[in-house]
Amino acid sequence: MSEQDKRVNAFQEGGEAVDALRTPEESDPVRKVTIIPRCMALGATQTLPVEDRLNYTRDQLFAIIRYAMGGRAAEDIVFDHFSTGASNDLETATSWARRMICEYGMSDKLGPVSYGEQNSDVFLGRDMLARHNFSEKKAEEIDNEVRSILAGLYEEAKQILLENRDKLDCIAEALLE
């Protein structure tokens, strides 16, 4: 891995860690932060609950999304660009936001409704044949709400990092050592 890639990775993971540490009332404790590549991951910021969790509150899910956006926000602040390094975090954040809206009814705008798919077929191409129980207009509203949640939490993550830039730099430098 090049020195520049290591540096970007250190700030991405550091950004996630700072965001998780700065929202302790909602976020699980940070257990591990590393930039040592494992499998397909270039690094990892691991949070683990203190005890087994069977349910998530809306605030806890917001915290998960916010710290997942921390890596991308750190790149924006430090390097003034985005890379593909935070793509898995973005995928995770998007998945949680969509599930909050479609499965858990946690959207103020769309209300306590399940917008799940009606599909009981179990075969490889099932996603291509998925039947939705909502209109195209509603699908657009869902997409807009997902985008709104992600954009809002990204801005919160970025603000946390701007207010704690010294901690971000400290964590990134420690990871690089």
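The values are calculated or read from the model by the stated rules, or taken from the named source; none is laboratory data. Here the structure is a predicted model, which means the values were calculated and not measured. A quick note on method: Cβ atoms are made from the backbone with ideal geometry, for glycine too, and the neighbour counts reach across all protein chains shown. Please note that ligands, DNA and RNA were not included when accessible areas were found on the heavy atoms of the full protein model with its side chains. Shrake-Rupley method; radii C 1.70, N 1.55, O 1.52, S 1.80 Å.
Quick look at the numbers
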{"quantity": "Segment 1-14, subset acidic (Asp, Glu) and under 18 Å from Ser87 (Cα atoms), residue least open to solvent (accessible area, probe 1.4 Å)", "calculated": "Glu13"}
{"quantity": "Among the candidates Ile171, Ile160, Ile149, residue that is aliphatic (A, V, I, L, M), within 22 Å of the chain's Cα centre (by Cα), assigned to a helix (DSSP H, G or I) and more than 19 Å from Arg58 (Cβ to Cβ)", "calculated": "Ile171"}
{"quantity": "Residue in segment 54-61 that is in a strand (DSSP E or B) and charged (D, E, K, R) present", "calculated": "no"}
{"quantity": "Any chance Ala10 is in contact with an Asp or Glu (Cβ under 9 Å, 6 or more places away or on another chain), at pLDDT 90 or above, more than 26 Å from Ile142 (Cβ to Cβ) and not polar (S, T, N, Q)", "calculated": "yes"}
{"quantity": "Filtered residues of segment 38-84 (kept if more than 26 Å from Glu25 (Cβ to Cβ) and touching a Gly at 6+ places or on another chain (Cβ under 7 Å))", "calculated": "Leu42"}
{"quantity": "Number of positions in segment 15-39 that are without any contact (Cβ under 8 Å) to a residue 60 or more places away in the chain, surrounded by 18 or more Cβ atoms within 10 Å (Cβ to Cβ) and not in a helix (DSSP H, G or I)", "calculated": "2"}
{"quantity": "Segment 58-82, residues that are more than 13 Å from Gly14 (Cβ to Cβ), in contact (Cβ under 8 Å) with a residue 24 or more places away in the chain and open to solvent by 50 Å² or more (accessible area, probe 1.4 Å)", "calculated": "Arg58, Asp59"}
{"quantity": "Among (1) surrounded by 16 or more Cβ atoms within 10 Å (Cβ to Cβ); (2) closer than 22 Å to Leu162 by Cα; (3) modelled with pLDDT under 85 - the single one Leu42 does not satisfy", "calculated": "(2)"}
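Residues are listed down the side, and each one gets a yes or a no for (1) at pLDDT 80 or above; (2) open to solvent by 60 Å² or more (accessible area, probe 1.4 Å); (3) out of contact with any Asp or Glu (no Cβ under 7 Å at 6 or more places or on another chain):
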{"site": "Asn88", "(1), (2), (3)": "yes, yes, yes"}
{"site": "Ile101", "(1), (2), (3)": "yes, no, no"}
{"site": "Gln118", "(1), (2), (3)": "no, yes, yes"}
{"site": "Glu140", "(1), (2), (3)": "yes, yes, yes"}
